[in-house]
Each structure stands twice: as structure tokens, then as C-alpha cells.
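**Student:** Quick one: structure below, then a few questions.
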Amino acid sequence: MPPHGNSSFADDSIEGKGYDAKLIKRLLHYVKPHRKLVFLAMFFMLITSGVELLLPYITKQGIDKYLARLYQVYTDTPASCDSLMAMEPAEGDFIFLASDSLLIRKASLDTMDPADAHLLATGGHLAAETFYLFPADQYQGETGRLQNDYWLVPERDLGKIPVEKLMTIRAKDVSGITRLALIFLGLLVISIFAGYGHVMTLVVAGQRSMFDVRTELFNHIQTLSLNFFSKNPVGRLVTRVSNDVEALNEMFSAVLVNLVKDVLLIAGTITILLIMDWKLALISLSVLPVFTLASILFRRKARTIYRKVRKHLAELNSSIAEDVSGVKVVQIFGQEKNRRGRYFEINDNYYKISMKQLYVFGVFRPIINIIAQVGTAIVLIYGGLSTLSGALTLGALVAFISYVRQMFKPISDMSEKYNIMQSAMASSERIFGILDTEPKIVQSSDAIPPQKLRGEVAFQDVNFGYDPDTPVLREINFGIEPGKSIALVGPTGAGKTSIISLLTRFWDVDTGKILLDGTDIRDHSVATLRNNTSIVLQDAFIFSRSVADNIRLSSDLTMEEIRSASDMVQATGFIDKLPNGFNTVMAERGATLSTGQKQLICFARALAHDPRILILDEATSNVDPTTEQLIQRAIETLMKGRTSIIVAHRLSTIQKCDEILVIDAGKIMERGSHQELLARRGIYYNLYLLQWGNGK
Ligand code: DCP
Ligand code: MG
């Protein structure tokens with residue numbers, strides 16, 4: 001882990017506005033291509049929500065219509081109840097008996113016209129006891145009484161009738177309940193499939209959108225100029241592309257998938273409750289504010305803790321990564337005890353914060369549950385009383401309880417969703433921040449179309465600094481004829497790598513110009529630049545792909561061309577010894593290769609692309625004499641017939657070049673051939689004595 005690993009994590013805050021219309025609009029742009037899937041998901045969602053709202057109602061029907069088919073006896077009908085008597089009763093709701101008495105199905109009481117209900121309650125004589133009703137010709141048992149043609153069994157005595165008997169006399173109820181159960185089951189199956197469809201379509205749409213975001217982000221990062229990368233450490237960029245996109249994905253799968261559904265469910269439930277019994281609805285909803293508040297508090301606390309846990313975990317991870325990868329240094333310098341102490345501290349911090357997290361969950365979760373239970377209890381108490389007094393049917397009570405219980409979860413989820421939205425907003429802000437960064441080095445609109453170059457290079461009065469205040473290169477002037485070579489030598493930090501970075505337009509000059517074949521490189525198209533130059537960098541970069549792919553990169557070189565390039569730089573020898581030869585897949589950054597071997601592969605890469613201009617930043621690292629010779633010969637092969645600019649450390653390489661430029665502190669201090677420079681007895685002479693003088 002780079003030293004800035006932690007700091008970059010620290011400034012990646014995950015707090016943001018919960019909702020930012022501008023950001024959402026930009027995000028929707030990525031969802032747009034997949035809108036068909038989203039609409040499909042909404043369709044499925046409507047089905048599942050509908051079913052979820054319907055199920056308690058079906059339960060109510062089952063109970064009221066079939067299970068608790070209870071009747072009350074009403075006698076001494078006053079004349080004022082004539083209207084009621086005259087009414088065409090719904091099937092089985094009222095049964096008129098001779099001698100001004102009436103059997104009323106209990107479930108019909110709460111759907112009855114309030115005026116009639118009032119009359120019944122005040123006018124006549126409504127027996128408190130409720131009865132099951134059986135036609136007298138089918139059943140007459142020892143409990144109950146005969147009333148006209150019906151045998152009335154008091155509610156509490158139903159258990160005294162033998163089960164077999166009950167099943168036959170209540171055959172109609174049994175079949176009704178069976179039918180409802182089948183409908184219930186059918187709806188459940190539909191809702192399972194619709195739920196699956198809903199989640200799948202939305203998740204697929206989300207994954208596709210995130211795929212697009214990731215692709216765009218990666219492509220954009222690749223076009224950015226190097227100044228962007230010197231300001232944004234690799235660690236942070238990796239976080240952007242992976243974590244921030246992941247946060248968006250979380251928003252997609254966790255929030256969008258369920259948010260609309262939750263809102264719909266909550267609104268639907270509240271509406272149904274109010275319609276069923278507005279008084280009971282208001283009473284049972286009274287715990288909602290407390291519940292919501294507690295949920296929000298809990299989520300907020302949980303999120304803060306979670307954030308801290310993540311931060312400490314990142315510290316823990318980076319500490320392990322650093323110490324394990326640097327274990328050699330730790331051991332050689334006897335730092336074990338020291339590192340152990342530091343690790344203990346980090347480990348301890350992580351332990352403490354994890355315990356705190358447990359505590360928050362251990363306290364808040366039960367509290368929230370208890371509040372929800374209290375809500376249910378209120379419904380049970382108040383609703384139960386209403387049921388007893390006949391104002392509410394048993395089925396309605398059961399349905400009420402289901403509705404109230406099923407409402408708590410989406411509400412508690414909502415606050416979590418708000419948190420997810422917050423981090424997603426922060427993440428998308430950062431992602432768009434990158435996408436909005438313009439590459440500094442751009443091809444001008446009237447660039448010369450790609451062409452083949454002769455390979456003439458000239459630097460004219462070039463001044464440059466990585467940041468404007470500290471000049472790195474001053475008044476650089478030199479020219480190279482096509483096919484000739486130039487060596488750049490000088491102490492470390494002199495500006496050699498900077499000169500060649502300008503030539504490849506990794507950076508642009510501040511003042512002055514660089515000409516290729518007499519034309520400013522800024523007027524050339526980027527393709528001309530890339531097609532005519534090959535660069536071998538100081539730190540040979542090997543991708544974790546096969547050797548052949550590392551040489552080929554994206555070009556369409558044949559295996560023969562690759563092999564011949566590697567033959568010419570004499571890399572074939574060791575490549576063939578690898579387990580799978582050219583098809584051996586390299587470890588990350590070529591970790592299983594020696595420095596010299598990596599260099600040779602990079603040479604083969606440069607050679608295979610047959611550039612007009614070769615740019616080489618020679619590695620300073622020491623290699624064994626055999627490899628040294630291999631590399632030396634490879635460099636000579638590479639230089640043959642090409643314009644070459646070589647940052648050289650090996651005397652042999654330097655002597656092969658047509659001209660030597662001695663760079664110090666960003667200026668060309670001396671120039672000439674090896675012999676001329678030695679004769680001057682200046683910087684080069686001293687460098688020669690220091691570096692190569694003793695015997696080399
Ligand atoms: N520099 C910088 N930002 C960068 C690269 C370099 O500020 N992204 C600075 C560091 C040096 C100066 O620019 O002070 C010149 O750096 P070079 O990499 O050009 O130096 P050399 O290539 O000559 O050094 P070496 O021989 O060590 O490779
Ligand atoms: Mg360098």
C-alpha cells in the first residue's frame with residue numbers, strides 16, 4: 001500500500017446530500033438505455049405490492065364468511081326497524097324469523113348502514129351472546145337451542161360438537177375456506193414469481209448501468225493527462241472505479257428496487273386501515289412517529305459506527321499489507337517488536353469499534369422491535385374490545401393486525417435507504433468529478449492527419465515545470481537528424497525523463513516548441529505521435545497477461561513477428577524456458593521476472609512495433625554481466641536505423657550515440673561526442689571518473 005493509502009481513504013467521505021436532483025438526473029442518463037427493464041420491473045412491483053395488500057383481506061374474508069360465521073339474535077323488533085326488515089338482505093346476513101325476531105350475521109354489523117346499526121343498538125333487544133347457526137333438520141345436539149327452524153349453538157360451545165359431525169354440517173364453509181386457501185396460494189405463487197421478476201429485472205438494469213458507468217470512467221481516466229495522476233494517487237482512483245460505483249450499485253439494488261414498493265405498500269396499508277376502521281387506524285398508527293424516529297436514530301448511529309468500522313478495517317488491512325510486503329525490511333532492521341506494537345494498537349482500535357457496533361445493534365434493535373410490538377398490542381387491545389362489542393369482526397381484527405405488522409418493516413427500511421442514498425450521492429459526485437475533468441493534452445481540431453515520419457526531432461527553447469512555480473527544464477535546445485541518436489546523461493533528478501515525457505506529449509511544454517519533421521508536435525495528430533514512436537520506460541511495465549500479449553499489446557502482430565522481435569533482442573532464450581513459453585501469463589507487474597528480463601520483454605515490445613523514433617529510459621539497476629551484455633546488444637539492435645533518444649547510464653550505450661547531452665538541474669550543460677566531452681574535463685569528465693572510471 002502506498003503511504004497515502006489511508007489519507008486517500010479518509011478524504012473519501014461517504015456523507016452527502018440524500019437527494020440531489022442534478023446528480024439523479026445525470027445518473028438516470030445511464031439508466032435510460034435500460035428503461036424497458038425498469039418499466040418491466042415496475043409492472044412486476046405493482047403485482048407484488050397488490051398481492052401483499054390483498055392477502056390480509058383474503059384472510060379476513062375467510063374468517064368472517066366461513067370460519068367465524070356467527071349470528072346474533074335480535075328480538076322485539078321495533079316498528080322503526082321496519083326499513084331494516086324490508087331490506088333485501090345479502091345472502092345469509094339476516095335471517096327473518098317469525099314473531100318479530102331476527103338473526104343477524106355478526107360480520108354484517110360493521111358493514112351495515114350506520115343509521116340501521118344505531119337503530120338496532122338502541123331500539124330492540126340484541127342478545128350479547130353469539131351463536132353458530134345450523135338448519136335444524138341437519139343437526140340438533142345436546143348444546144344449544146332451537147329457534148324456529150334453526151339450531152343455535154353458542155360460540156363457546158362449538159368445540160363440544162364432534163369434529164366429523166361439524167365437517168358434514170359445515171361442508172359449505174369448508175369448501176369456501178378451501179377455495180379461499182387456494183386463491184391465497186395462487187396469489188402467493190404469482191407474487192413469488194413477480195417478486196423474482198421485479199428484483200431480477202431491476203438488478204440486471206442496475207448492473208448494466210453500472211457496467212456502463214465503470215466503462216466510461218475507465219476510458220475517461222485513460223485519456224487524462226499525467227498531471228491528473230500526479231494529483232490523484234492510484235489508491236484513490238482504484239477506490240473511485242470500484243467502491244464508488246459499488247455505492248451506486250447498492251443504491252440501485254437496495255433503494256430503487258424497493259423504495260417505490262415500500263412507499264406504495266405504506267400508503268396502501270394506511271389507506272386500507274383508514275377505510276376499514278378509521279378510529280382504530282388512527283390509534284394503531286399512533287406508534288408510527290415513535291417507531292420512525294427510533295429507526296432513523298438507529299440507522300444513523302449504525303451508519304456512523306459502520307463507517308468507523310470500515311475505516312479501522314482499512315487501516316488494519318493496509319497495515320497488514322504493508323508489513324507483509326515489507327517483511328524483509330522489517331526483519332533486516334529488527335523492527336518486529338515495533339511493528340507488533342503498532343499492529344496491536346490498530347487491531348485494538350478495530351476490536352473496540354466492533355464491540356461498540358455490537359452494542360448499538362444490541363440496544364437499538366430490541367427497542368425498535370418492542371415499539372413495533374407495542375403497536376400490535378394496541379391494535380389487539382383496542383381492536384379486541386371493538387370485536388367483543390361487535391363493532392369489528394374477528395376477520396377485520398386479524399387483517400388489521402397483519403396490515404399494521406407488515407407496515408413496520410418498510411418504514412424501518414426507509415431510513416436505511418436514506419443513508420444508502422447519501423453515500424451514493426457522495427460517490428456519484430466524485431465519479432462525475434472525474435468524468436468532468438478535461439484531459440489537458442488534447443489533439444487540436446485542425447491536426448494534421450496521421451502520417452509516416454522521417455524521424456527528425458528538434459527541441460526549441462523548451463521550458464517546462466510540473467507545477468508552474470518550479471521550473472524543471474530550462475531553455476532546452478537540440479536537434480536530431482533522422483536515424484541519428486542522442487544520449488542524455490546527468491545526475492538523478494536532472495530532468496532527463498522529463499525531456500522524453502515532453503516528446504511523447506505525456507506533458508506539454510510551457511514555452512518553446514518541439515518539432516517532429518519540422519512540425520510542432522501539438523499540430524500533429526496523436527496517432528502520428530503514437531504510431532511513429534516507441535518508448536521503453538525506466539521501470540519496465542509488464543501487464544499480467546501472456547508474454548506474447550505483452551509484446552503485442554493491442555496491435556495485430558503475428559506470432560512470427562513477435563518471435564522475431566524477441567529473437568532480435570535475444571529474449572527468446574529465457575522466454576522459451578518459461579512454463580508455457582510465449583503463452584506464460586505474467587504475475588502482476590511481472591513479479592516473477594528479473595529486472596533484466598522485464599527490460600528485454602519491453603525491448604521486444606518496442607522493436608516489434610518498428611518505430612521511426614525510439615525513446616529509451618535506461619534502467620539504472622544493476623544486472624549480472626551476461627544480462628548486461630544481452631541488454632547492451634538489444635539496445636544496439638533497437639537503435640539501428642531509427643532516430644533514438646536515450647537516457648543512458650551505461651558507458652557502452654552512451655558511446656554508441658552520435659551526440660551526448662549532459663543535463664544538470666534542467667539545463668543542457670555540455671554537448672558533444674564522448675571524446676570531446678572528456679577533453680573538456682567538465683561535468684561529463686567527472687561523471688565518467690565517478691561512474692565508469694574504475695575499470696569499466
Ligand atoms: N518531478 C516532478 N513531478 C514529476 C516528475 C518529476 O516534480 N511527476 C521533478 C523531480 C525532479 C525533476 O522533476 O526534481 C526532474 O525529474 P526527472 O524524472 O526528469 O529526473 P531524471 O529522469 O533526470 O532522474 P533519474 O536519473 O533519477 O531518472
Ligand atoms: Mg529518469
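**Student:** Does Arg650 meet the test of being under 22 Å from Ser498 (Cα atoms), among the basic types (Lys, Arg) and surrounded by 20 or more Cβ atoms within 10 Å (Cβ to Cβ)? Working first, answer last.
**Tutor:** On the way: under 22 Å from Ser498 (Cα atoms): yes; among the basic types (Lys, Arg): yes; surrounded by 20 or more Cβ atoms within 10 Å (Cβ to Cβ): yes.
When the stated conditions are applied, Arg650 passes them.
**Student:** Let me ask another. Can you tell me which residue in the range 468-477 is surrounded by the fewest Cβ atoms within 10 Å (Cβ to Cβ), limited to those that are of a type in the set (A, V, I, L, M) and within 11 Å of ligand 1 (Cβ to nearest atom)? Can you show your working first?
**Tutor:** To start, the set of residues in the range 468-477 that are of a type in the set (A, V, I, L, M) comprises 472-473, 476.
Next, only the ones that are within 11 Å of ligand 1 (Cβ to nearest atom) stay: 472-473.
Working: Val472: 21, Leu473: 25.
Taking the candidates together, the pick is Val472.
**Student:** Out of Met586, Met639, I need the residue that is in contact with a Leu (Cβ under 8 Å, 6 or more places away or on another chain), among the hydrophobic types (A, V, I, L, M, F, W, C), more than 16 Å from ligand 2 (Cβ to nearest atom) and within 27 Å of Leu516 (Cα to Cα). Which one?
**Tutor:** On the way: Met586 fails: within 27 Å of Leu516 (Cα to Cα).
Result: Met639 is the single residue among Met586, Met639 that is in contact with a Leu (Cβ under 8 Å, 6 or more places away or on another chain), among the hydrophobic types (A, V, I, L, M, F, W, C), more than 16 Å from ligand 2 (Cβ to nearest atom) and within 27 Å of Leu516 (Cα to Cα).
**Student:** Turning to a different aspect of this structure: Against the condition within 30 Å of Leu453 (Cβ to Cβ), within 16 Å of ligand 2 (Cβ to nearest atom) and at pLDDT 90 or above, how does Gly672 come out, does it pass?
**Tutor:** Details: within 30 Å of Leu453 (Cβ to Cβ): yes; within 16 Å of ligand 2 (Cβ to nearest atom): no; at pLDDT 90 or above: yes.
In short, no.
**Student:** While we're on this one: For residues that are within 27 Å of Val442 (Cβ to Cβ) and of a type outside the set (Val, Ile, Thr), scanning just the range 236-254, find the one that is modelled with the highest pLDDT.
**Tutor:** Checked the range 236-254; the qualifying residue modelled with the highest pLDDT is Asp244.
**Student:** Check Ile480, Ile486, Ile500 and return the single one that is within 10 Å of ligand 1 (Cβ to nearest atom), within 16 Å of Ser644 (Cβ to Cβ), crowded, with 17+ Cβ neighbours inside 10 Å and not polar (S, T, N, Q). Outline the logic, then answer.
**Tutor:** On the way: Ile480 fails: within 10 Å of ligand 1 (Cβ to nearest atom); Ile486 fails: within 10 Å of ligand 1 (Cβ to nearest atom).
It is Ile500.
**Student:** Name, by its number, the condition in (1) acidic (Asp, Glu); (2) within 16 Å of ligand 1 (Cβ to nearest atom); (3) more than 16 Å from Lys667 (Cα to Cα) that does not hold for Asp517.
**Tutor:** Single failed check for Asp517: (2).
**Student:** Across the range 393-448, which residue is farthest from Asp508 (Cα to Cα) among those that are aliphatic (A, V, I, L, M) and without any contact (Cβ under 8 Å) to a residue 60 or more places away in the chain? Let's see the steps before the verdict.
**Tutor:** The initial filter retains those residues of the range 393-448 that are aliphatic (A, V, I, L, M), namely 394, 396-399, 401, 404, 407, 411, 414, 420-421, 424-426, 431, 434-435, 441-442, 447-448.
Those still in the list that are without any contact (Cβ under 8 Å) to a residue 60 or more places away in the chain too: 397, 401, 442.
Numbers: Leu397: 77, Ile401: 72, Val442: 10 Å.
Of everything passing the filter in the range 393-448, Leu397 is farthest from Asp508 (Cα to Cα).
**Student:** A further question on this structure: Within the range 586-608, track down each residue that is β-branched (Val, Ile, Thr) and either in contact with a Lys or Arg (Cβ under 8 Å, 6 or more places away or on another chain) or surrounded by 20 or more Cβ atoms within 10 Å (Cβ to Cβ) (or both). Working first, answer last.
**Tutor:** Within the range 586-608, the subset β-branched (Val, Ile, Thr) is 592, 595, 601.
Selection gives Ile601 alone.
**Student:** With the condition being modelled with pLDDT under 90 and of a type outside the set (A, V, I, L, M, F, W, C), I'd like the helices (runs of 4 or more DSSP H) fully within the range 315-431 carrying at least 3 qualifying residues. Working first, answer last.
**Tutor:** Working: elements: 327-332, 336-378, 384-388.
Correct list: 336-378, 384-388.
**Student:** Conditions: (1) of a type in the set (Asp, Glu); (2) loosely packed, with under 14 Cβ neighbours inside 10 Å; (3) assigned to a helix (DSSP H, G or I). Asp157 meets all but one. Number of the miss?
**Tutor:** Only one criterion in (1) of a type in the set (Asp, Glu); (2) loosely packed, with under 14 Cβ neighbours inside 10 Å; (3) assigned to a helix (DSSP H, G or I) is unmet by Asp157, namely (2).
**Student:** Please verify whether the range 508-515 includes one or more residues that are closer than 18 Å to Lys452 by Cβ and either modelled with pLDDT of 90 or more or assigned by TED's automatic domain parsing to the domain that holds Val462 (or both). Explain how you work it out, then say what you get.
**Tutor:** Filtering the range 508-515 for residues closer than 18 Å to Lys452 by Cβ gives 515.
Those still in the list that are either modelled with pLDDT of 90 or more or assigned by TED's automatic domain parsing to the domain that holds Val462 (or both) too: 515.
Yes, because at least one residue in the range 508-515 is closer than 18 Å to Lys452 by Cβ and either modelled with pLDDT of 90 or more or assigned by TED's automatic domain parsing to the domain that holds Val462 (or both).
**Student:** Which members of the range 324-357 meet the condition of being among the acidic types (Asp, Glu) and closer than 30 Å to Ser423 by Cβ? It would help to see each step written out before you state the result.
**Tutor:** We begin by selecting, within the range 324-357, every residue among the acidic types (Asp, Glu); these are 336, 345, 348.
Those that are among the acidic types (Asp, Glu) and closer than 30 Å to Ser423 by Cβ: Glu345, Asp348.
**Student:** For a quick check of your reading of the model, give me the residue pairs whose first member lies in the range 669-693 and is over 15 Å from Ala648 (Cβ atoms), whose second is in a helix (DSSP H, G or I) and not aromatic (Phe, Trp, Tyr), with beta-carbon atoms closer than 7 Å and at least 6 apart or on different chains.
**Tutor:** Sorted first by the residue in the range 669-693, then by its partner, the pairs are Met669/Ile683; Tyr685/Leu677; Tyr685/Leu678.
**Student:** Continuing with this model, one more query. Could you check, for the range 205-224, whether at least one of its residues is modelled with pLDDT under 85, of a type in the set (Val, Ile, Thr), in the same structural domain as Pro33 (by TED's automatic domain parsing) and under 23 Å from Trp507 (Cα atoms)? Spell out the reasoning first.
**Tutor:** Just the residues of the range 205-224 that are modelled with pLDDT under 85, to begin with: 222-224.
This time we only want the ones that are of a type in the set (Val, Ile, Thr), so: 223.
Add one more test, that the residue is in the same structural domain as Pro33 (by TED's automatic domain parsing), and what stays is 223.
Within this subset, residues satisfying the condition of being under 23 Å from Trp507 (Cα atoms) are 223.
Within the range 205-224, one or more residues are modelled with pLDDT under 85, of a type in the set (Val, Ile, Thr), in the same structural domain as Pro33 (by TED's automatic domain parsing) and under 23 Å from Trp507 (Cα atoms).
**Student:** Within the group Thr492, Thr504, which residue is closer than 20 Å to Ile635 by Cβ and within 15 Å of ligand 2 (Cβ to nearest atom)?
**Tutor:** Values: Thr492 fails: closer than 20 Å to Ile635 by Cβ.
Going through Thr492, Thr504 in turn, the sole match is Thr504.
**Student:** Continuing with this model, one more query. What number of residues within the range 520-544 satisfy the criterion of being within 34 Å of the chain's Cα centre (by Cα) and modelled with pLDDT of 90 or more? Don't jump to the end; show me each part of the working.
**Tutor:** Keep residues of the range 520-544 that are within 34 Å of the chain's Cα centre (by Cα), which gives 539-544.
Now restrict to residues that are modelled with pLDDT of 90 or more: none.
The total comes to 0.
**Student:** While we're here: Checking the condition under 30 Å from Val290 (Cα atoms) and exposed (fewer than 14 other Cβ atoms within 10 Å of the Cβ), which residue from Ile381, Ile371 passes? Can you show your working first?
**Tutor:** Details: Ile371 fails: exposed (fewer than 14 other Cβ atoms within 10 Å of the Cβ).
So the residue among Ile381, Ile371 that is under 30 Å from Val290 (Cα atoms) and exposed (fewer than 14 other Cβ atoms within 10 Å of the Cβ) is Ile381.
Quick grid of which residues meet (1) at pLDDT 90 or above; (2) in contact with a Gly (Cβ under 7 Å, 6 or more places away or on another chain); (3) under 30 Å from Ile683 (Cα atoms):
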{"residue": "Leu435", "(1), (2), (3)": "no, no, no"}
{"residue": "Glu438", "(1), (2), (3)": "no, no, no"}
{"residue": "Pro450", "(1), (2), (3)": "no, no, no"}
{"residue": "Asn463", "(1), (2), (3)": "yes, yes, yes"}
{"residue": "Glu481", "(1), (2), (3)": "yes, no, yes"}
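**Student:** Which residues, taken from the range 521-544, are part of a loop (DSSP other than H, G, I, E, B), away from ligand 1 (no atom under 15 Å from the Cβ) and crowded, with 19+ Cβ neighbours inside 10 Å?
**Tutor:** Ile521, Ile542
The values are calculated or read from the model by the stated rules, or taken from the named source; none is laboratory data. All values derive from a computational prediction rather than experimental measurement. Note that we place each Cβ from the backbone using ideal geometry, even for glycine, and neighbour counts take in every protein chain shown.
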